[in-house]
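The next block holds one structure in the form of structure tokens; read it before the comments.
The values are calculated or read from the model by the stated rules, or taken from the named source; none is laboratory data. Model, not experiment: these values are computed from the prediction. Here Cβ is always computed from backbone atoms with ideal geometry, including for glycine, and neighbour counts include all displayed protein chains. Accessible surface is based on the protein model in full, side chains and every heavy atom, while ligands, DNA and RNA are left aside. Shrake-Rupley method; radii C 1.70, N 1.55, O 1.52, S 1.80 Å.
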Amino acid sequence: MKDTPLSNCERDFLLKAIEEKKRLDGRQTYDYRKIKITFGSDYGCCFVDLGQTRVMAQVSCELVTPKESRPNEGIMFFNLELSPMASPAFEQGRQSELSVKLNRQLERCLRNSKCIDTESLCVVSGEKVWQIRVDVHTLNNDGNLMDAASVAAISALCHFRRPDVGIQGEEVTVYSPEERDPIPLSIYHMPISVSLAFFQQGTYLLVDPCEREERVMDGLLMIAMNKHREICSIQSSGGIMLLKEQVMRCSKIASVKVSEITDLINKALLNDKTARKAGGRCGFAESIPQERITALKTDQTSVEMTGVGETVSSIVQTAEAPPQKVPSPLLPVPGVGQVGEGMRNTWGVEEEEDGDSSGGDSGEEAVKMEEEQHKEDKSRKVDVVEILDSEEEEEEEEVVILYPETTEKAKNKGSSSGQKGAATSRKQQKK
Amino acid sequence: MMEVSPSENVSLREFGCEQTLLSRPDGSASFVQGDTSVMAGVYGPAEVKVSKEIYDRATLEVLVYPKVGLPGVRERSQEQCVRETCEASLLLSLHPRSSLTLILQVLHDAGSLLSCCLNAACMALMDAGLSMSCLFCGVTCAISTEGEIITDPTAAQEKESRALMTFAIDSKEHRVMMSSTRGSFSVQELQQCIAISQKASEKIFQFYRDSVRRRYSKNL
């Protein structure tokens, strides 16, 4: 599905507004949209709302063998999925340019900045290390997916707890959360990406562009920074030329934003921790707002028992009737299918009698004849393909018995009853 | 014949729903059943790829995204179950040569995932304002090793169960639109599960009704 196009007048209007230092949603130039961080009920699940933009991150882990070049380091894996839910322009299963760009930026922001102690993820050097996998799903794209994804990913990593492991000699035991408390990852710092959009060849600058602004921007500068004001990655795209002073100013803006967001993440983590400690319900189910008319929630409801018993019995009784009317389909011999509905297959019946009493010559022979014809037809067909020069009947039969029995059986095992029937009758003839 | 003793387990976990929570899709909903939650988004009717075009009705595409990793065989089978149910209830012939896309994102799986997917899908389709011949809902029943029937089982109950069945039930006549089963069970047990699911579906349809009434009301 194509994205809705942006009309020229919309574009002109947006650019005019930006020139006048106005934004569609009433923000100031350096304002972020409202950020909301919620955690799921299991560890390592985080939802981030950045205005209307919404992403979800889920961290998972598994034990793998490490890379040969780094035998005592855990592996970090990031996967940002541009789900078609987020925007009609995103297609399933296709690596778009945007998806590659965002994935790469997320990796540079979180893996290459060494914010996570990968050595602490080693269980047995050279044999077993933890692989931490971060899946970021985009749910709604209203611009600035990168910032939302980076906040979601780092919050999820902070929230995540991996199972404890015990090593006795050679044996590695992974303890379930009930046996031993799971362990948080050791995180050195929290890099957060801040996006700055440039308009009119770098004349105007906006922080946290929304989707409409992203469409009319000339260039984008993404700065990943931690609260110690250390730049973890910086990327400029769109091909605009920036002055040194501009970049410096952007990094200053970023540092302010990053410290704000870091505080917010820490606050959210603390809130979640206290909620978990208090034993109250936490998670996504609790985050459904109650005050909206679009949302509704019910308590646990028991299905009315009074009626159920009667309906069950009545339905069972009425449901039992149909099988008596319609003769149940017969499965004459295991592996033999029946053609048609409710009709007794004469082939099947004959076969059944065959197995049971090995008698019934008169009826059986007729079938045999039929089957023989079948077989001969088949053998001829096979013959034409396989052996062109053989003309004698006996030789032909030889070939049929030896060759197609193995190949045809292997090719379509029991797919048609005719073939199988032919094969069995052939065996009888041989006897 | 085994008599099913209506147990205390025949209850539905608390469930909730929020509609129109995403700005981009034409219709969206998130459905929560206990801890299980699924988010659904619908796009359409929109233009369709020529290769997928059907001349007399709309093409419905259902995508299920798991929480961890990429969609696999399990997701494909869920997609098919949901798609067939939606196709049966949607009036697709009203929108010929167009596409409908339904995307389901699993937010948390704590049992009865398929029924939650179905409920979220129905809510999202309602939110998108698509014409349907009837509404549908999903109910999951588990039969424990003792032969007890549990509706809306949790993940732990699902694991211990002998058989697991999910039915999609329509709102008009409470008939079964789709069934997906796992494990072994007798005909009687199947009928009992269907009967219980039909009973449970009334609760869910009442919830649908309440949420729509609330949505179009002037006050909370």
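Is it true that some residue in region A:115-126 is of a type in the set (D, E, K, R) and either surrounded by fewer than 23 Cβ atoms within 10 Å (Cβ to Cβ) or not assigned by TED's automatic domain parsing to the domain that holds A:A224 (or both)? Yes, region A:115-126 contains a residue that is of a type in the set (D, E, K, R) and either surrounded by fewer than 23 Cβ atoms within 10 Å (Cβ to Cβ) or not assigned by TED's automatic domain parsing to the domain that holds A:A224 (or both). Within the set B:L100, B:L114, B:L107, the sole residue that is touching a strand residue (DSSP E or B) at 6+ places or on another chain (Cβ under 6 Å), in a strand (DSSP E or B) and under 26 Å from A:S60 (Cβ atoms) turns out to be B:L107. From the list A:D25, A:D49, A:D3, the lone residue that is outside the structural domain of A:L205 (by TED's automatic domain parsing) and either within 26 Å of A:A149 (Cβ to Cβ) or surrounded by 13 or more Cβ atoms within 10 Å (Cβ to Cβ) (or both) is A:D3. Return a yes/no flag: does region A:17-24 have any residue that is in a helix (DSSP H, G or I), under 30 Å from B:P45 (Cα atoms) and away from every other protein chain (no Cβ under 14 Å). No: zero hits.
So that you can scan it fast, the table gives a plain yes or no per residue for (1) free of Cβ contacts under 8 Å to residues at least 40 places away in the same chain; (2) part of a loop (DSSP other than H, G, I, E, B); (3) more than 15 Å from A:A17 (Cα to Cα):
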| position | (1), (2), (3) |
| --- | --- |
| A:D181 | yes, yes, yes |
| A:H189 | no, yes, yes |
| A:A197 | yes, no, no |
| A:P209 | no, yes, no |
| A:R212 | no, no, no |
| A:R215 | no, no, no |
| A:L220 | yes, no, yes |
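Checking each residue in region B:13-30 for being in contact with a Phe, Trp or Tyr (Cβ under 6 Å, 6 or more places away or on another chain) and more than 7 Å from every other protein chain (Cβ to nearest Cβ) picks out only B:D26. Residues of region B:32-54 that are among the hydrophobic types (A, V, I, L, M, F, W, C) and within 10 Å of chain A (Cβ to nearest Cβ): B:V32, B:M39, B:A40, B:V42, B:A46, B:V48. Just one of (1) modelled with pLDDT of 90 or more; (2) more than 8 Å from chain A (Cβ to nearest Cβ); (3) in a loop (DSSP other than H, G, I, E, B) fails for B:S7. It is (1). Screening A:S87 against (1) touching a residue at least 60 places away in the same chain (Cβ under 8 Å); (2) surrounded by 15 or more Cβ atoms within 10 Å (Cβ to Cβ); (3) assigned to a strand (DSSP E or B) leaves a single unmet condition, (3). Scanning region A:234-245 for residues that are touching a strand residue (DSSP E or B) at 6+ places or on another chain (Cβ under 8 Å), more than 11 Å from A:V194 (Cβ to Cβ) and not in a loop (DSSP other than H, G, I, E, B) yields A:Q235, A:S236, A:S237.
Within region B:114-146, the residues that satisfy the criterion of being more than 12 Å from B:C86 (Cα to Cα) and open to solvent by less than 10 Å² (accessible area, probe 1.4 Å) are B:S115, B:C116, B:V139, B:T140, B:C141, B:A142, B:I143. When restricted to residues that are surrounded by fewer than 21 Cβ atoms within 10 Å (Cβ to Cβ) and facing chain A (nearest Cβ under 7 Å), region B:204-216 contains 3. The selection criterion, being open to solvent by less than 10 Å² (accessible area, probe 1.4 Å), in contact (Cβ under 8 Å) with a residue 60 or more places away in the chain and either within 9 Å of chain A (Cβ to nearest Cβ) or within 21 Å of the chain's Cα centre (by Cα) (or both), holds for B:I149. Taken together, the criteria place A:V100 among residues that are surrounded by fewer than 14 Cβ atoms within 10 Å (Cβ to Cβ), of a type in the set (A, V, I, L, M) and assigned by TED's automatic domain parsing to the domain that holds A:C250. Within the option set B:E202, B:E158, being under 18 Å from B:A121 (Cα atoms) and in a helix (DSSP H, G or I) holds for one residue only, B:E202.
Can you confirm whether A:R111 is surrounded by fewer than 21 Cβ atoms within 10 Å (Cβ to Cβ), within 21 Å of A:V64 (Cα to Cα) and in contact with a Ser or Thr (Cβ under 7 Å, 6 or more places away or on another chain)? When the stated conditions are applied, A:R111 does not pass them.
Within region B:67-82, being surrounded by 14 or more Cβ atoms within 10 Å (Cβ to Cβ) and more than 12 Å from chain A (Cβ to nearest Cβ) holds for B:Q78, B:Q80, B:C81, B:V82. Among the conditions (1) in contact with a helix residue (DSSP H, G or I) (Cβ under 8 Å, 6 or more places away or on another chain); (2) within 9 Å of another protein chain (Cβ to nearest Cβ), B:C86 misses just one, which is (2).
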